[in-house]
1. Scan region B:18-39 for residues that are outside any helix (DSSP H, G or I) and either closer than 26 Å to residue B:109 by Cα or among the polar types (S, T, N, Q) (or both) and report the count.
2. Mind listing whichever residues of region A:40-63 are assigned to a helix (DSSP H, G or I), over 15 Å from the mean Cα position of the chain (by Cα) and closer than 25 Å to residue A:136 by Cβ?
3. I'd like the residue in region A:188-214 that is over 20 Å from the mean Cα position of the chain (by Cα) and among the charged types (D, E, K, R) and, out of all such residues, is farthest from residue A:108 (Cα to Cα).
4. Looking at this structure, is residue B:81 in the same structural domain as residue B:232 (by TED's automatic domain parsing) and closer than 19 Å to residue B:14 by Cβ?
5. Hey, does region B:126-136 have a residue that's of a type outside the set (A, V, I, L, M, F, W, C), within 14 Å of chain A (Cβ to nearest Cβ) and in contact with a Pro (Cβ under 9 Å, 6 or more places away or on another chain)?
6. Can you spot a residue in region B:102-112 that is more than 14 Å from every other protein chain (Cβ to nearest Cβ), surrounded by fewer than 17 Cβ atoms within 10 Å (Cβ to Cβ) and not basic (Lys, Arg)?
7. Restricting to region A:135-153, and then to whatever is surrounded by 18 or more Cβ atoms within 10 Å (Cβ to Cβ) and touching a Ser or Thr at 6+ places or on another chain (Cβ under 6 Å), can you tell me which residue is nearest to residue A:97 (Cα to Cα)?
8. Within region B:84-131, can you find the residues that are farther than 19 Å from residue B:11 by Cβ and aromatic (Phe, Trp, Tyr)?
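The values are calculated or read from the model by the stated rules, or taken from the named source; none is laboratory data. Remember, predicted model here, so these are calculated numbers, not experimental data. Here Cβ is always computed from backbone atoms with ideal geometry, including for glycine, and neighbour counts include all displayed protein chains.
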Protein chains: 2
Amino acid sequence: MIGVFDSGVGGLSVVKEIVRALPQNKIIYFGDTARLPYGTKGADFVKKYSLKITEWLLNRGAKIIVVACHTSSAQAGDFLKTEFQTIPIFDMITSCAKELSYCKNIGIIGTPGTIKSRAWEKHILSNNPEANIKTKACPLFVPLVEEGWVDNKASKEIVKEYLKDFNELEILILACTHYPVLEKTIKQIIGAEIVDPAEYLAKKLKTYLENNHDIEIKKGKPEFFFSDEPYNLKKIAKLCLNREIKPKIIDPF
Amino acid sequence: MIGVFDSGVGGLSVVKEIVRALPQNKIIYFGDTARLPYGTKGADFVKKYSLKITEWLLNRGAKIIVVACHTSSAQAGDFLKTEFQTIPIFDMITSCAKELSYCKNIGIIGTPGTIKSRAWEKHILSNNPEANIKTKACPLFVPLVEEGWVDNKASKEIVKEYLKDFNELEILILACTHYPVLEKTIKQIIGAEIVDPAEYLAKKLKTYLENNHDIEIKKGKPEFFFSDEPYNLKKIAKLCLNREIKPKIIDPF
């Protein structure tokens, strides 16, 4: 089983890419909707719950862990890899920071937690010290997507306000699982190539499994667990995954 | 001591009104920033943590409880009053639902949890069955205030979009602690009288204490506890309370 977790529902946009790359492999997903959002919480909090969820997924039989939450990837990715050294752990940042290091002018947008951690910059600069990186926390994007306002007047004004200083970029990295839903509106405002790290992560995971046959991943349909059933859960899930799900509500913590 | 709790920082706008009415009385505040927002969570979750926080405040010496969170008031107010029958508990809804029942055309805006509970409508209609009530969940208002976007172009478009069907109201009730910060922008868009229930709650609390001398409330400076230190805590606190605070971070749950 591939264990995937996120602070909430947005991680389903990562599941979508994994299913596209590896359609047969069983996925178990945990969304910590009881404690979302992680993006505005403190780093210790994010570490604590990333650890608990990883343990829970491993206890249920996961052989590989995907940290589908960008905030957890930024604030707890390295910590989890140290804690669980024998488990392959894939996070959103190391999934493509290397691959994108050919670019000179890079924009990164994400939650306050992700941006504040500077994890993306560190990874990119370690591969490409010449890169010119501009970052911006866009805390309104997540509630905007969760409200389903994707291309109305208000959402365009919000996107404009956040990206007003983002000129002459080659690429813009969407460092939050909700942001791909706003891709069309973002493209209307800035000219850069938009990068969704989930696509890179899914490809990397596929290559890893092709090269490591000793890791046995069960076949089967995905299972979706959430620690609470919030407002709009099924609607947001459909927006992120492109299909309906049957959520199982359980808070093991 | 007066124990006040909220899902986060917004409840400080209620503290501001209590301090104005009762400047000497010691207040102990708990903001559940580790688990915020409550407004989009399930009802069982809101009840569970409202109970835990109330117990914690009572253990620290609170003699009166103020439920400064509208979502908790709507989903857990009656439940808390049943659980703690000997403790005076003030919530946001019963603070003024009766006083406002003279109006015919009433608008109510709040979080999805508050609006979905229909608690405000029930209270108003039980006093005034003829009232014509229009409600609207505005989940983007909280992150908007927390971002400090109070009257830019984006915030005006968001307010317009939510209130586009709110015509011919006599009063509009701001049934969320964050919303008073947006009052100026809301007033530019609709003509109704704006009602902040916190002012009614503070007056009611003052009258109660004047009539119940057996309840001994210590004098002293307020203390502010939060279960996590999120993004922008001090900035939002200042926006809601109109002065700076020294937050103490503790998660007892």
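1. 13
2. A:43, A:44, A:45, A:47
3. Only one residue tops the list, namely A:214.
4. Values: in the same structural domain as residue B:232 (by TED's automatic domain parsing): yes; closer than 19 Å to residue B:14 by Cβ: yes.
Judged against the criteria, residue B:81 is a match.
5. Scanning region B:126-136, I find no residue that is of a type outside the set (A, V, I, L, M, F, W, C), within 14 Å of chain A (Cβ to nearest Cβ) and in contact with a Pro (Cβ under 9 Å, 6 or more places away or on another chain), so the answer is no.
6. yes
7. Filtering region A:135-153 for residues that are surrounded by 18 or more Cβ atoms within 10 Å (Cβ to Cβ) and touching a Ser or Thr at 6+ places or on another chain (Cβ under 6 Å), the one nearest to residue A:97 (Cα to Cα) comes out as A:144.
8. Listed by number, the list holds a single entry, B:102.
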